[in-house]
Amino acid sequence: MAAERIRRRTAKNRELYKRLRLYEALTIGFSCVLAAFFLFLFITPPVRMVDNAMAPAICENDVVLTFGLSKLFSKPVRGDIVAVANRTEGADAGFRIVRIIAVGGETVEIKDGKIYINGGLLREEGYTVAGTEILPDMEMTEIPEDGYFVLCDDRSGLGGISAANTVVERRRIKGEVFMLLYPFGKMGFFGSEN
């Protein structure tokens, strides 16, 4: 009699444990999906490049990940690639991907197609497209303390450059681009030197 009771209890416990393992697996799966959603929506939102403005580092239709929390921990530095919110408001405002050329407190001047930061020539051969470095002249401009002077890497289509369309406030920087996600063959990480 006792053996039969133990056998029935063991069978009942097996069923209970089987259901508990299923609930545990579903809970873990749901938590992972929720965490991935939160991660991609708020911390590392993916951004698809709509043109070749950042070629060759980021080309049209490439997908990059941005780290939105980076702006809380450190200030962007020269050479960083960042996602900047467009000036338009609303849900379709979007982002543009640009490179930081100068930071707040520095002076920028473009003379004879070359960029000068605090009077010194900026060497940027590592990331601009050959033949697109020629820029229209811009008078010496001091960048505000909370601002950044930004440009795209492919400068062949740039028209007039002025502080009005190249200086962005820190609050408009939505995150640092840290990884090229797609196409998978080009997948890799970015740093200040890229």
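Within the range 1-49, restricting attention to residues that are assigned to a loop (DSSP other than H, G, I, E, B) and among the aliphatic types (A, V, I, L, M), the residue that is farthest from Val64 (Cα to Cα) is Met1. When the range 119-143 is filtered for residues that are surrounded by 13 or more Cβ atoms within 10 Å (Cβ to Cβ), out of contact with any Phe, Trp or Tyr (no Cβ under 6 Å at 6 or more places or on another chain) and modelled with pLDDT of 80 or more, the ones remaining, listed by number, are Leu122, Met138, Thr141, Glu142. The condition of being at negative phi, buried (at least 20 other Cβ atoms within 10 Å of the Cβ), at pLDDT 85 or above and over 20 Å from the mean Cα position of the chain (by Cα) holds for only one of Val168, Val150, Val108, Val98, that being Val108. Contact map, the range 96-114: residues that are under 25 Å from Ala85 (Cβ atoms) paired with residues that are hydroxyl-bearing (Ser, Thr, Tyr) and open to solvent by 50 Å² or more (accessible area, probe 1.4 Å), Cβ distance under 9 Å, separation 6+ or inter-chain. Pairs shown: Val108/Tyr116; Ile110/Tyr116. Does at least one position in the range 32-50 carry a residue that is within 23 Å of Leu135 (Cβ to Cβ), open to solvent by less than 70 Å² (accessible area, probe 1.4 Å) and modelled with pLDDT of 80 or more? Within the range 32-50, one or more residues are within 23 Å of Leu135 (Cβ to Cβ), open to solvent by less than 70 Å² (accessible area, probe 1.4 Å) and modelled with pLDDT of 80 or more.
Being over 17 Å from the mean Cα position of the chain (by Cα), surrounded by 10 or more Cβ atoms within 10 Å (Cβ to Cβ), at pLDDT 85 or above and not hydrophobic (A, V, I, L, M, F, W, C) is a property that Gly79 lacks.
Of all the criteria given as (1) at pLDDT 85 or above; (2) closer than 15 Å to Leu181 by Cβ; (3) out of contact with any strand residue (DSSP E or B) (no Cβ under 6 Å at 6 or more places or on another chain), the one not satisfied by Ala57 is (1).
The values are calculated or read from the model by the stated rules, or taken from the named source; none is laboratory data. Computed from a predicted structure; not experimentally measured. Using ideal geometry, Cβ is built from the backbone for each residue, glycine included, and neighbour counts are taken over all protein chains shown. Please note that ligands, DNA and RNA were not included when accessible areas were found on the heavy atoms of the full protein model with its side chains. Shrake-Rupley method; radii C 1.70, N 1.55, O 1.52, S 1.80 Å.
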